[in-house]
């Protein structure tokens, strides 16, 4: 249509008053992040595409914005000079944890239209999952038949917490440090990647963390549901809730004894 000089857009023939009544405007949300990108050939696009953590963070920034809202994180903010920052009307939304990212981000909102207000950032799912994850054992955070979306959000929160614990190590060492923990929880670890690049090691590490989170949440859910016996004095309760007192020659059996405990090693760092 653009090549046809006689083409007239249908919106141009609408009466301006009718156009204003039917069209409330297009609200585009923008999330900005600054960093180095990787360029790889994409078979789907039949061309080159940007990949890597920088692209992922930018996409996550966009996902938490509302329509018409422009956000940037500290990477973009501190890439600007002092003179450039003084030109902006902005609000500091403080540090927020974003779904799928290991560390919180300092978020700034650019006020393109003075006085315009926006709803809270789209972080409710993560915040609710974080509250549910740390409920006491009598809570229903992980009850049977809970909403799958809530479960995935809880996995995201716990994955971020565990990833933060190992973030003090470089990518190539994180795999080596998390392997003993995975083995203690009887997680079958696939062969370590031959590729020693940070991206391959990071992908392998994230997969281990996801498996570990699923295992921990499964054990926690069964414990909250009473599916695992608990010791009460010399009386123990089996999975069928049949309580009995062991005989004189029968030692009390701890049904949780088969679950190994992990003693976290102490590391010396230069931090």
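Given the conditions (1) part of a loop (DSSP other than H, G, I, E, B); (2) surrounded by 12 or more Cβ atoms within 10 Å (Cβ to Cβ); (3) over 21 Å from the mean Cα position of the chain (by Cα), report the number of the one that residue 117 does not fulfil.
Condition not satisfied by residue 117: (2).
Just checking, does the stretch 98-111 include any residue being more than 27 Å from residue 157 (Cβ to Cβ) and either surrounded by fewer than 18 Cβ atoms within 10 Å (Cβ to Cβ) or not assigned by TED's automatic domain parsing to the domain that holds residue 32 (or both)? Talk me through it step by step, then tell me what you get.
From the stretch 98-111, those more than 27 Å from residue 157 (Cβ to Cβ) are 110-111; that's our starting set.
Narrowing the set further to residues that are either surrounded by fewer than 18 Cβ atoms within 10 Å (Cβ to Cβ) or not assigned by TED's automatic domain parsing to the domain that holds residue 32 (or both) leaves 110-111.
Looking for residues that are more than 27 Å from residue 157 (Cβ to Cβ) and either surrounded by fewer than 18 Cβ atoms within 10 Å (Cβ to Cβ) or not assigned by TED's automatic domain parsing to the domain that holds residue 32 (or both), one finds at least one in the stretch 98-111, hence yes.
Could you pull out the residue among 169, 205 that is at pLDDT 50 or above, outside any helix (DSSP H, G or I) and surrounded by 16 or more Cβ atoms within 10 Å (Cβ to Cβ)?
Numbers: 205 fails: outside any helix (DSSP H, G or I).
The conditions single out 169.
Within the stretch 61-71, is there a residue that is loosely packed, with under 13 Cβ neighbours inside 10 Å, at pLDDT below 90, more than 16 Å from residue 109 (Cβ to Cβ) and under 24 Å from the mean Cα position of the chain (by Cα)?
Checked the stretch 61-71: no residue is loosely packed, with under 13 Cβ neighbours inside 10 Å, at pLDDT below 90, more than 16 Å from residue 109 (Cβ to Cβ) and under 24 Å from the mean Cα position of the chain (by Cα).
The values are calculated or read from the model by the stated rules, or taken from the named source; none is laboratory data. In this text the structure is predicted, and so the values were computed from the model without any measurement. Every residue, glycine as well, gets a Cβ built from its backbone with ideal geometry; the counts of neighbours run over all protein chains shown.
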